[in-house]
Structures are given as structure tokens and as C-alpha cells.
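**Q** Quick one: structure below, then a few questions.
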Amino acid sequence: MGAFIGVVLGSKSDWSIMQECAKTLDRFGAAYETIVASAHRTPDRVAAYVKEAEESGAIAFIAAAGMAAHLAGAIAARTTKPVIAVPIAVGALNGVDALFSSAQMPPKIPVACVAINGAINAAYLAAQILALGDRELAQKLLDDRDSVKAQSEIDSQSIEIRLSRS
């Protein structure tokens, strides 16, 4: 398969958010695979997947989980590859608990963490990691950045600004 991103969902319900991650990776032609594996319900599956994925060419992982959100940490404990956490907004704290669980990792076991429900930014960050060894993908990311900049300028010009004078 070559270099790819392993995308791990803590539960199937996370797909409603993470499908935007998949769409973004697809748009860039970034290789990835997606599985459901829970840090709490299926810890052996998480461990086996990380090992298997690394052996198959995974260069980074995205972990999406809500509430206690230990998935990113469970993956990070088993690899030295970059791990990106996507805290999912569920439960009584609407994702704040997942954000804290993902961001507050112990020293020497880092996890990158995007915003609550930040699936698109997780895909961009993972694509940037993949692009370190893929010039074509790197160019696609640059082109996309230029497109965002151009759209911002168009948006700015489309708004009429009136100065208030006393």
C-alpha cells in the first residue's frame, strides 16, 4: 500500500463527524484506512491494529473518540509515529472531557490534538505529514492554500464597508 494514515474511530457513531476527515483525505488523494476500535471495549484490537498498520506502512494515526477519549493515548503508547486526536462532542460535557483527555498526555507520549469535532483539520495535518515524502501531495496542499487565500480576497471584496462618520 505504501505510506498511509491509519484512522481509528472509537465507535461507529464517530463516523458522522469523521466522514469529513475521509472526504478531505480523498480530495487530496491521501492514502488511508479506517477501522473501529475502542481503547476500552477492544484494547487488544487497538494494539494489534497499531502493530499491523505500522508493518504495512502507516506513518501517522488519527484517533477519534468522545467522553474519556483514551484512544489517541492508547495508540500513542504503542507507536512513535505521530498521533492526531479528534475529540468528539458527546456526553454531558459536549466534548470538553474528550479534549482534555486528548490534550493532557504525560511527558514523552505526545498526541497532537485538533479542535472538538475537528475532523477536517485532522485530515489536513495528516496530509501534511504524508506530504513530507510526497511532492505531488505537497503541491496539492499548496494549491489548496492558495485557493483558500484567493477565496478570502473574493469574500472581502464582496462585502461593502461603510464608514461611520460623526
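The values are calculated or read from the model by the stated rules, or taken from the named source; none is laboratory data. Only a predicted model underlies this, so the values are computations on that prediction, with no experimental measurement involved. A quick note on method: Cβ atoms are made from the backbone with ideal geometry, for glycine too, and the neighbour counts reach across all protein chains shown.
**Q** Can you tell me which of (1) surrounded by 17 or more Cβ atoms within 10 Å (Cβ to Cβ); (2) touching a residue at least 40 places away in the same chain (Cβ under 8 Å); (3) at positive phi is the one GLY95 doesn't meet?
**A** (2) is the only condition that GLY95 fails.
Here's the yes/no breakdown for (1) assigned to a loop (DSSP other than H, G, I, E, B); (2) among the small types (Gly, Ala, Ser):
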site	(1), (2)
ILE17	no, no
ARG41	yes, no
ARG45	no, no
VAL50	no, no
ALA69	yes, yes
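**Q** Quick one: ALA74 ticks every box in (1) out of contact with any strand residue (DSSP E or B) (no Cβ under 7 Å at 6 or more places or on another chain); (2) in a loop (DSSP other than H, G, I, E, B); (3) free of Cβ contacts under 8 Å to residues at least 60 places away in the same chain except a single one, so which number is it?
**A** All conditions pass for ALA74, except number (2).
**Q** Still on this structure, I have one more. Modelled with pLDDT of 95 or more, crowded, with 20+ Cβ neighbours inside 10 Å and within 18 Å of ALA77 (Cα to Cα) - does that describe any residue in the range 17-36?
**A** No, that holds for no residue.
**Q** Do you know which residues across the range 84-141 are within 15 Å of HIS70 (Cβ to Cβ) and among the aromatic types (Phe, Trp, Tyr)?
**A** PHE100
**Q** Need a quick list: helices (runs of 4 or more DSSP H) entirely within the range 81-166 having at least 3 residues that are in contact with a helix residue (DSSP H, G or I) (Cβ under 6 Å, 6 or more places away or on another chain).
**A** It comes to 119-131, 135-157.
**Q** Filter the range 116-133 down to the residues that are farther than 19 Å from THR80 by Cβ and free of Cβ contacts under 8 Å to residues at least 12 places away in the same chain and list them by number.
**A** ASN121, ALA131
**Q** Now, a different point. Being crowded, with 18+ Cβ neighbours inside 10 Å and either under 13 Å from the mean Cα position of the chain (by Cα) or not β-branched (Val, Ile, Thr) (or both): is that true of ALA65 here?
**A** So ALA65 fits the description; yes.
**Q** Say whether the condition of being touching a Leu at 6+ places or on another chain (Cβ under 9 Å), buried (at least 23 other Cβ atoms within 10 Å of the Cβ) and among the hydrophobic types (A, V, I, L, M, F, W, C) is met by at least one residue in the range 45-53.
**A** yes
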